[in-house]
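Q: For reference, the structure I am asking about is given below.
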Amino acid sequence: MAAVEPGGLFVRLPHAMPEPADLRVLFHRLNNQLGIILAHAELIEARAADQAQHARAAQVVSSALDAMTTAREIREQVVGETHTDTPHQR
């Protein structure tokens, strides 16, 4: 969190790091949201009327998959949890 000083400078305010359990919940929500984006992009890709629409939808699919991978990598570094350690896999 940041605050603006009178001169317009940003000052970083101290804040507590969220607990790993809180981060796991946030990463789970993020992954669900990215999954929804991915599903919609795949549907648009399948229904594309022309090559340009298909190419754009394929780009969104690729970006959603990249974002899911990045979120997983961040989760593994921050929370110390691998994909096989998630509650769905236990």
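Q: Select from segment 20-74 the residues that are of a type in the set (Asp, Glu) and free of Cβ contacts under 8 Å to residues at least 12 places away in the same chain and list them in ascending order. Walk me through it before giving the result.
A: Keep residues of segment 20-74 that are of a type in the set (Asp, Glu), which gives 22, 42, 45, 50, 66, 73.
Passing the criteria: Asp22, Asp50, Asp66, Glu73.
Q: Would you confirm whether or not segment 33-41 contains a residue that is hydrophobic (A, V, I, L, M, F, W, C), assigned to a loop (DSSP other than H, G, I, E, B) and modelled with pLDDT of 95 or more?
A: To start, the set of residues in segment 33-41 that are hydrophobic (A, V, I, L, M, F, W, C) comprises 34, 36-39, 41.
Next, only the ones that are assigned to a loop (DSSP other than H, G, I, E, B) stay: none.
The answer is no; no qualifying residue exists.
Q: Another question about this same structure. Taking segment 58-87 as the region of interest, how many residues are touching a Lys or Arg at 6+ places or on another chain (Cβ under 9 Å) and either at pLDDT 95 or above or not in a helix (DSSP H, G or I) (or both)?
A: So the count comes out to 4.
The values are calculated or read from the model by the stated rules, or taken from the named source; none is laboratory data. Keep in mind the model is a prediction, meaning the values are calculated, not measured. Quick reminder, even Gly has a Cβ in these numbers, built from the backbone with ideal geometry, and neighbours come from all protein chains shown.
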